[in-house]
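Participant: Attaching a single structure in structure tokens format; questions to follow.
The values are calculated or read from the model by the stated rules, or taken from the named source; none is laboratory data. Not measured: the values here are computed from a predicted model. Because the Cβ atoms are built from the backbone with ideal geometry, glycine has one as well, and the counts that use them run over all protein chains shown.
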Amino acid sequence: MKTFSKIYVALMIIFLYAPVAVMVFFSFNAGASVWIFESFSFDWYKGILFDTAMMEGLRHTLIVAILSASIATVLGTAAAVGILALRRKIARSFATTVTNIPMMNADIVTGVSLMLLFVFFGRMIGLSESLGFITVLIAHITFNLPYVILSVIPKLKQTDKNLHEAALDLGCTPLQAFFKVVIPSIKTGIFTGFIMSFTLSLDDFVISYFTCGHYQTLPVVIFNMTKKTVKPDVYALSTLVFATIFVLLILYNAVQTKSEQRRNSNVKKA
């Protein structure tokens, strides 16, 4: 049974990562062929630096990812505190359900609905072009918010409520107690929410495609490039995106593991 399980896991890993391995392999191809490997070279990676469309898409993606992750982290943390502050269980359950809907909803439905909303308001206020930087930023904040909320809420539940009350008794204002006591105790959840938001924003395509307009992010640029002949420069760029997301996920897992170990050690001490 153990041998069968190992074989099954190995086959699943091969099935999932074989396409990525092929992409990474051919990104180092010296020739323009995407099926015959001629020799090892970094030429396609160097070429990315001189490709105006790619560099502009990368700049747009980083701007949107950093801003949307930061704003979503602030709003999501405040929303998580507000949800747990609700006294009625029905209201809390309703708020949690509403938070989960964007995560369960199909990306194409979210993208199309947001596009229609932005176009409607743009036409209503007389804009010649409704879609652009602001719309794609709002769209990314929208789908990032639930992940931040769901990352912060468990940390808030683990926090001792007496600490906040003790800070108030010692002379802190509610705002001071929040920033000096509550925030440090949930910082791992906040950081996790930020990393998840940044990662999701970095590689989002469907929602960005419908809401970016002329402000095209990197996944949209890559998609437009694949309409023509696919060259290894697309492989090289996709490899860099994959490597970035892979590193962020490792960092996310490291933070989660460290937080879990710290919580277990505190439980044992208690």
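Participant: Among the candidates I134, I66, I101, I141, single out the residue that is at pLDDT 90 or above and farther than 24 Å from K187 by Cβ.
Facilitator: Going through I134, I66, I101, I141 in turn, the sole match is I134.
Participant: Among the residues of the stretch 34-50, write down those that are assigned to a loop (DSSP other than H, G, I, E, B) and either in contact with a Leu (Cβ under 8 Å, 6 or more places away or on another chain) or touching a residue at least 40 places away in the same chain (Cβ under 8 Å) (or both).
Facilitator: Once the filter is applied, which keeps residues that are assigned to a loop (DSSP other than H, G, I, E, B) and either in contact with a Leu (Cβ under 8 Å, 6 or more places away or on another chain) or touching a residue at least 40 places away in the same chain (Cβ under 8 Å) (or both), the stretch 34-50 yields only V34.
Participant: Being loosely packed, with under 15 Cβ neighbours inside 10 Å and more than 15 Å from S201 (Cα to Cα) is the filter; apply it to the stretch 248-258 and report the residue that is modelled with the highest pLDDT.
Facilitator: For the stretch 248-258, the residue satisfying everything is I250.
Participant: Considering only the stretch 192-219, how many residues are in a helix (DSSP H, G or I) and touching a His at 6+ places or on another chain (Cβ under 9 Å)?
Facilitator: 7
Participant: Continuing with the same structure: I need the full set of residues from the stretch 98-110 which are in a helix (DSSP H, G or I) and under 16 Å from L145 (Cβ atoms), in order please.
Facilitator: Of everything in the stretch 98-110, those that are in a helix (DSSP H, G or I) and under 16 Å from L145 (Cβ atoms) turn out to be V98, T99, N100, I101, P102, M103, M104, D107, T110.
Participant: A further question follows. Using the structure shown, decide if F118 is assigned to a helix (DSSP H, G or I), closer than 15 Å to A72 by Cβ and at pLDDT 90 or above. Steps first, please.
Facilitator: Working: assigned to a helix (DSSP H, G or I): yes; closer than 15 Å to A72 by Cβ: no; at pLDDT 90 or above: yes.
So F118 fails the test.
Participant: Would you point out the residue of the stretch 186-242, among those that are under 30 Å from R262 (Cα atoms) and of a type outside the set (A, V, I, L, M, F, W, C), that is surrounded by the fewest Cβ atoms within 10 Å (Cβ to Cβ)?
Facilitator: Looking at the filtered set, the residue picked out is K187.
Participant: How many residues are buried (at least 16 other Cβ atoms within 10 Å of the Cβ) and assigned to a helix (DSSP H, G or I) if we restrict to the stretch 159-175?
Facilitator: Here the count works out to 2.
Participant: Let me ask something else about it. Test each condition in (1) in contact with a His (Cβ under 9 Å, 6 or more places away or on another chain); (2) part of a loop (DSSP other than H, G, I, E, B); (3) surrounded by fewer than 19 Cβ atoms within 10 Å (Cβ to Cβ) for F178 and report the one that comes out false.
Facilitator: For F178, the failing item is (2).
Participant: Identify, from the list V152, V182, the residue that is closer than 30 Å to T257 by Cα, aliphatic (A, V, I, L, M) and at pLDDT 90 or above.
Facilitator: Answer to the selection: V152.
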